[in-house]
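Novice: Below you'll find the structure I mean.
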Amino acid sequence: MPATLPRISLRGASLPKISWPRPTVPRVSLGAIRLAVIWSITTGTLFLCYLHVARSAAVTSDGASNALQAWDMLHGNLLLHGWQLSDVSFYTTELPQYLLIERFIRLGPDVVHVAAALTYTLLILLAVLLAKARTSGREAIAACLLAAGIMAAPQVGNGVYVLLGSPDHVGSAVPVLVTFLLLDRAPRRWYTAASAGVILCLALIADGIALYTGVLPVVIVCGVRVYRGLTGGRPRARRWRTVAFELALAAAAIGAAWLSGLVLAAVRSGGGFTVWPVPAALAAPADLPHYLVITGRGLLLLFGANFFSHNAGFVAFLAAAHLIGLGLAAWAICAVIRRFGSADLAVQLLAVGAVVVLAAFAFGARANDLLSARDITAVLPFGAALAGRLLAPRLARAKLLPAMGLLLACYLVSLGRIVALPAAPGANAPLATWLAEHHLAYGLAGYWNANITTLDTGGQVVLRSVLADDGRITGDYWEVKSGWYDPKRSDANFIVLVPGPPGFKRYPTVGSVRATFGQPRQIYFLGEYTIVVYDKNLLADLVPGAPLPPRTPQNGPPAIPLPGPG
């Protein structure tokens, strides 16, 4: 028989109590909630203000081209197959931003306005965070307000166009500022250097100007810090350990430049977009005085202090008040250069970045006119961040904060004047309406009338950009897609003519149109527009366009002179 187990009675026995640890829920302090609410309200307010500011400037074909590229990406053409872009791709900066915006709002000019407002708001927030550094309390508030105040009010007219118009180098400063903020807040570890290199690589893929605003400053600053570290009084073994982070960071920046070139080449070889290279030419000695003047006036424009062409009065006073902001930024940069060895890494990067950008612009060959200040827009957030970070404590000790508060009030008045401006009407709105009413849906035009009309109508009326070459019409090569000119895919039966922009001799004319397409069926006149209609597909007579050799700034689409001061 199997053995029987003894019975165990638990009656009256006391079992030991097991105490399970209670799950700990992280508590969010009231101060953290209050801080998050303040930042959220500030961000939303800034965005709404700059959305109104952006809408005060009409969208041009530059912004329209980027909106159409993002629209193509949204519909599956992620590598932009067949696209010939400008000298800047914006592929990893503004184009993803446009794509997300177009995912939620319809294709139209407001895509450009919303993106510009988001970009400028982000620039101010990044400059404020760099200005704040690790301070708190009143010192942090003073630093943040000083940095934000310097950037608060773009100047009416050309200033708004350069800073909140079409995508340009101003948005390319965002990843650079993110890199500097990372290096300012993250620990000195290899993964911090690697992360900085990745961000700089993405910035370079989008815009080669990141070489001057980000890569070169990192390499220069790290070189100086390595030299000072190796020539110090420490033992040799410790010297190398103290500069290991700088060496890794410099290597990451150089690697970013190399890797970005490989990525662009791979995209191009895979049938994706192509970017037109810009030669890094130096200024001729005879042109240097003009370029220096443009550099100075460009700084005035960026900081809202371009009081030229103003009549003496309140508006000129507000513009002149912005000279103080420019002066504070210049003071901060000079202070860093004077005591460069004792400055921290982020401060050194901001100062060197501003100096490198200004030197490259003044001694290069791109300072043609005031709108060329788009190449030095990074100086504005760099200078504002430095002024807030370095000068706010000095101004507080000198008991000048009330005066700075009065200055900030003047800047807010300037911002209020721009916010109150009405939205600018579409420059080609009458043309778009007329073409839609006459059932002319696909045609040709010069660059500044083509993509913007397509964007204004949400693609209901399509105009493709063309050029005049030796008296004949050709396709364009700037911000276009090759498939647009395929006669098997599309049928273009009209061309829109307007007087060409000053200094640009490749705009279509009546003579070049007749020489290329022959006698038209009908010619219409609408204000400055001449609409020439044919009974055939004009695309069959087009040949691909190309820049004139050697390429000069006059071969690309010229900048539009905008109304307004400066």
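Novice: Can you tell me how many residues in the stretch 199-228 are surrounded by fewer than 23 Cβ atoms within 10 Å (Cβ to Cβ) and over 24 Å from the mean Cα position of the chain (by Cα)?
Specialist: So the count comes out to 6.
Novice: Shifting gears a bit: Tell me which of these Phe307 doesn't satisfy, since it passes every other one: (1) touching a Leu at 6+ places or on another chain (Cβ under 9 Å); (2) open to solvent by 50 Å² or more (accessible area, probe 1.4 Å); (3) closer than 22 Å to Asp87 by Cα; (4) not in a helix (DSSP H, G or I).
Specialist: For Phe307, the exception is condition (3).
Novice: Within the stretch 491-510, restricting attention to residues that are β-branched (Val, Ile, Thr) and under 15 Å from Ser465 (Cα atoms), which residue is most open to solvent (accessible area, probe 1.4 Å)?
Specialist: Looking at the filtered set, the residue picked out is Thr509.
Novice: Considering the stretch 108-120 alone, what residues qualify as being open to solvent by less than 10 Å² (accessible area, probe 1.4 Å) and over 27 Å from Ser260 (Cα atoms)?
Specialist: Hits for the stretch 108-120 are Gly108, Val111, Ala117.
Novice: Same structure, new question: Please find, within the stretch 428-437, the residue that is nearest to the chain's Cα centre (by Cα) out of those that are touching a residue at least 12 places away in the same chain (Cβ under 8 Å) and either on the phi > 0 side of the Ramachandran plot or surrounded by fewer than 19 Cβ atoms within 10 Å (Cβ to Cβ) (or both).
Specialist: Ala429
Novice: Which members of the stretch 81-102 meet the condition of being under 25 Å from Pro279 (Cα atoms) and open to solvent by less than 20 Å² (accessible area, probe 1.4 Å)? Can you show your working first?
Specialist: Of all residues in the stretch 81-102, those under 25 Å from Pro279 (Cα atoms) come to 81-95.
Within the stretch 81-102, Trp83, Leu85, Ser86, Val88, Ser89, Phe90, Glu94, Leu95 meet the criteria.
Novice: Of Ile105, Ile124, Ile141, which residue is within 30 Å of Phe307 (Cα to Cα) and open to solvent by 30 Å² or more (accessible area, probe 1.4 Å)?
Specialist: Values: Ile105 fails: within 30 Å of Phe307 (Cα to Cα); Ile124 fails: open to solvent by 30 Å² or more (accessible area, probe 1.4 Å).
The conditions single out Ile141.
Novice: Also, quick follow-up: Tell me which residues, restricted to the stretch 51-82, are in a loop (DSSP other than H, G, I, E, B) and in contact (Cβ under 8 Å) with a residue 40 or more places away in the chain.
Specialist: Ser56, Ala57, Ala58, Val59, Thr60, Leu79, Leu80, His81, Gly82, listed by residue number.
Novice: Inspect all residues belonging to the stretch 29-50 and state whether any of them is under 21 Å from the mean Cα position of the chain (by Cα), part of a loop (DSSP other than H, G, I, E, B) and not aromatic (Phe, Trp, Tyr).
Specialist: Scanning the stretch 29-50 turns up no residue that is under 21 Å from the mean Cα position of the chain (by Cα), part of a loop (DSSP other than H, G, I, E, B) and not aromatic (Phe, Trp, Tyr).
Novice: Here's another thing I want to ask about it. Does Ala403 count as of a type in the set (A, V, I, L, M), open to solvent by 10 Å² or more (accessible area, probe 1.4 Å) and over 19 Å from Ala305 (Cβ atoms)?
Specialist: Against the criterion (of a type in the set (A, V, I, L, M), open to solvent by 10 Å² or more (accessible area, probe 1.4 Å) and over 19 Å from Ala305 (Cβ atoms)), Ala403 does not qualify.
Novice: Do any residues in the stretch 328-340 that are within 14 Å of Phe382 (Cα to Cα) have Cβ atoms under 6 Å from those of residues that are among the small types (Gly, Ala, Ser), where the two are at least six apart or on different chains, and which pairs are they?
Specialist: Between residues of the stretch 328-340 that are within 14 Å of Phe382 (Cα to Cα) and residues that are among the small types (Gly, Ala, Ser), the close pairs are Leu328/Ala387; Ala329/Gly383; Ala329/Ala387; Ala332/Ala387; Ile333/Ala351; Ile333/Ala354; Val336/Ala343; Val336/Ala351.
Novice: Filtering the stretch 332-361 down to residues that are over 21 Å from His322 (Cβ atoms) and in contact with a Phe, Trp or Tyr (Cβ under 7 Å, 6 or more places away or on another chain), which residue is surrounded by the most Cβ atoms within 10 Å (Cβ to Cβ)?
Specialist: Gly353
Novice: Another question about this same structure. If only one of Val513, Val413 is more than 24 Å from Asn66 (Cα to Cα), out of contact with any Ser or Thr (no Cβ under 8 Å at 6 or more places or on another chain) and crowded, with 20+ Cβ neighbours inside 10 Å, which one is it?
Specialist: One residue alone meets the criteria, Val513.
Novice: Any chance the stretch 71-80 includes a residue that's over 25 Å from Leu200 (Cα atoms), open to solvent by less than 40 Å² (accessible area, probe 1.4 Å) and of a type in the set (D, E, K, R)?
Specialist: Looking for residues that are over 25 Å from Leu200 (Cα atoms), open to solvent by less than 40 Å² (accessible area, probe 1.4 Å) and of a type in the set (D, E, K, R), one finds at least one in the stretch 71-80, hence yes.
Novice: Now for a different question. Please go through the stretch 476-531 and pick out each residue that is outside any helix (DSSP H, G or I), in contact with a helix residue (DSSP H, G or I) (Cβ under 7 Å, 6 or more places away or on another chain), β-branched (Val, Ile, Thr) and more than 17 Å from Leu435 (Cα to Cα).
Specialist: The answer is none; no residue qualifies.
Novice: For Leu259, are the conditions met, namely being assigned to a helix (DSSP H, G or I) and in contact (Cβ under 8 Å) with a residue 40 or more places away in the chain?
Specialist: yes
Novice: Right, here's the next one. Determine the pairs where a residue that is among the charged types (D, E, K, R), located within the stretch 83-99, has a partner that is in a helix (DSSP H, G or I) with Cβ atoms under 7 Å apart, the partner being 6 or more residues away or on another chain.
Specialist: These pairs meet every condition: Glu94/Asn66; Glu94/Ala115; Glu94/Gly171.
The values are calculated or read from the model by the stated rules, or taken from the named source; none is laboratory data. Fair warning: this is a prediction, and the values are worked out from it, not measured in the lab. In this analysis, Cβ positions are derived from the backbone assuming ideal geometry, glycine residues included, and neighbour counts consider all displayed protein chains. We work out accessible area using only protein heavy atoms, side chains counted, and drop any ligands, DNA or RNA first. Shrake-Rupley method; radii C 1.70, N 1.55, O 1.52, S 1.80 Å.
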